[in-house]
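S.K.: Below you will find the structure I want to go over with you.
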Amino acid sequence: MSTFSGFFPEIPGISADRFLEVNRSESRVFFLSHCHMDHMQGLQLPDPLPGPLYTSPISAVFLRHRFPQVVENVRPIEIGETLSIQLNSTELHVTAIPAGHCPGSIMFLFENDHKSLYTGDFRLSPKDLRNILPLRDLTPDIVYLDTTFFLRQYRYFPPQSESLTKIASLSQEWLALNPQNAITIKLPALYGSEFLFMELSRSLGQKIHVKREELQSYRFLASLDDVVTADGASDTRIHACDRHGKLACRPELDGKFIRVIRPSALRWRGLKPGDAIWRRLGGDINREEFSVCYSNHASYDELEDFLRYLRPKAVRLNVVWKDDPGGAQMKGLLKEVCPWIGREEGADKSVGSSSGEALKFDGIVYQRKGSMRRRRSQQKLFSDEESGDEEAAIEHLPKRVR
């Protein structure tokens, strides 16, 4: 759950992933990293934003249907594209970089007098990370980091491909035992499992049944057209429509025919490479229930690799846990992972949370045409090197034109 305020002290006049009244009053340009609800707070307000909203083409389609009041504000930015935005008397260059978190998720590299990288939520394998050209030889002044699992008890998560293979095998095994058997995928959050749905549907050749209100959002992603369905009675034996292990869409089905699979990361503290990534859960002896380690956020080790690869001069926390007031524990870990911060000449010594405060500014100019948005040539994004057998966390998805 993001705790980021949306503000960047070194870039007054912009907000990312926060659209509340305070952001609207202090910002004239807005950015959205991806379409999960904790990053869209304030978009439900009835008034349009006071400036343009930059996001990926996939997220733009979602926004235009879910929040029609901001339709005129939405400006798609392609992955790998760099824009020049006029802020006050200076230019802000913005590059969209893949984040590997969900369809349409991107990071933003902001360049003015500083180089600031805002990750949003992300998970990139080390090889994927090193194949992204805009991040090569980049030493950011500040990284605003997805610290969801920046805790030592979450040092390791298996690659998503391994987790997805296990979920598919547990499902296939159960469905093959009895034609009455069904699978319930019990998810930790309303959204965030799009990649899981896509792979599970591809592996098993069936659609995933979701609640109708979820389908209303998913139907705007062309890549999910043949993946999810609102018909739970006849279309499929795989369900993600209920979070209590029961199937309201199949009330006649006895619990002994249902296998519950819980993809999650929170419950997998202390996992190490080579450990089993699934286990049967206790409880109801008349029901099959399993937990599988699955994460679309970077693990502690992946975050450590990310920071040591980029060597930022400062880091701010996008997520602070409730039991770590002020992020004290995470700040201590950052000092160990990034010992160079504060030692290098001219470095920004800030290592802390991005709780932020309202920023005062004058003279930001917003023009609907012309100087507000000038495109630079789209640079090559990926190197020609192959990722080998490692998971490819970056997935290019077709966008729907409507």
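S.K.: What are the residues in the stretch 50-65 that are in contact with a Leu (Cβ under 8 Å, 6 or more places away or on another chain) and either acidic (D, E) or open to solvent by 10 Å² or more (accessible area, probe 1.4 Å) (or both), if any?
M.R.: Those that are in contact with a Leu (Cβ under 8 Å, 6 or more places away or on another chain) and either acidic (D, E) or open to solvent by 10 Å² or more (accessible area, probe 1.4 Å) (or both): I58, V61, F62.
S.K.: Given V61, V29, which one is of a type in the set (V, I, T) and modelled with pLDDT under 95?
M.R.: V61
S.K.: Can you report the number of residues in the stretch 30-49 which are crowded, with 24+ Cβ neighbours inside 10 Å and either hydrophobic (A, V, I, L, M, F, W, C) or in contact with a Pro (Cβ under 9 Å, 6 or more places away or on another chain) (or both)?
M.R.: 5
S.K.: Checking the structure you have, find out if any residue of the stretch 181-200 is loosely packed, with under 15 Cβ neighbours inside 10 Å and either more than 19 Å from the chain's Cα centre (by Cα) or among the basic types (K, R) (or both).
M.R.: no
S.K.: If we keep just the residues of the stretch 133-146 that are at pLDDT 95 or above and of a type in the set (V, I, T), which is nearest to the chain's Cα centre (by Cα)?
M.R.: Residue satisfying both the conditions and the ranking: V143.
S.K.: Working carefully through the options E81, E111, E72, find the one that is surrounded by fewer than 24 Cβ atoms within 10 Å (Cβ to Cβ), in contact (Cβ under 8 Å) with a residue 60 or more places away in the chain and among the acidic types (D, E).
M.R.: Unique residue meeting the criteria: E81.
S.K.: Could you please find all residues in the stretch 22-48 being free of Cβ contacts under 8 Å to residues at least 60 places away in the same chain and more than 30 Å from P188 (Cβ to Cβ)?
M.R.: Within the stretch 22-48, R24, S27, P46, D47, P48 qualify.
S.K.: So, of the residues in the stretch 145-180 that are hydroxyl-bearing (S, T, Y) and farther than 18 Å from R279 by Cα, which turns out to be surrounded by the fewest Cβ atoms within 10 Å (Cβ to Cβ)?
M.R.: For the stretch 145-180, the residue satisfying everything is T148.
Here's the yes/no breakdown for (1) over 26 Å from E78 (Cα atoms); (2) among the hydrophobic types (A, V, I, L, M, F, W, C):
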| position | (1), (2) |
| --- | --- |
| F149 | yes, yes |
| Q160 | no, no |
| K166 | yes, no |
| E173 | yes, no |
| I183 | yes, yes |
| L196 | no, yes |
| S201 | yes, no |
| Q206 | yes, no |
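S.K.: Mind listing whichever residues of the stretch 274-303 are in a loop (DSSP other than H, G, I, E, B) and more than 24 Å from L145 (Cα to Cα)?
M.R.: Those that are in a loop (DSSP other than H, G, I, E, B) and more than 24 Å from L145 (Cα to Cα): G274, D275, A276, I277, L281, G282, G283, D284, I285, N286, R287.
S.K.: Can we say P134 is within 16 Å of T82 (Cα to Cα) and open to solvent by 10 Å² or more (accessible area, probe 1.4 Å)?
M.R.: yes
S.K.: If you go through the stretch 250-259 one residue at a time, do you hit one that is within 24 Å of the chain's Cα centre (by Cα) and at pLDDT 80 or above?
M.R.: no
S.K.: Of all residues in the stretch 159-207, how many are acidic (D, E) and assigned to a loop (DSSP other than H, G, I, E, B)?
M.R.: Qualifying residue count, the stretch 159-207: 0.
S.K.: For A96, are the conditions met, namely being touching a strand residue (DSSP E or B) at 6+ places or on another chain (Cβ under 6 Å) and crowded, with 24+ Cβ neighbours inside 10 Å?
M.R.: Yes; evaluated as a whole, the condition is true for this residue.
S.K.: Within the set of pairs 6+ apart or on separate chains, which have a first residue in the stretch 155-173 that is free of Cβ contacts under 8 Å to residues at least 40 places away in the same chain, a second that is open to solvent by less than 10 Å² (accessible area, probe 1.4 Å), and C-beta atoms under 7 Å apart?
M.R.: A168/L200
The values are calculated or read from the model by the stated rules, or taken from the named source; none is laboratory data. Since this is a predicted model, take the numbers as computed values, not measurements. Methodologically, a virtual Cβ is constructed for each residue, glycine included, from the backbone with ideal geometry; neighbour enumeration extends over all protein chains shown. With ligands, DNA and RNA removed, areas are computed over all heavy atoms of the protein, side chains included. Shrake-Rupley method; radii C 1.70, N 1.55, O 1.52, S 1.80 Å.
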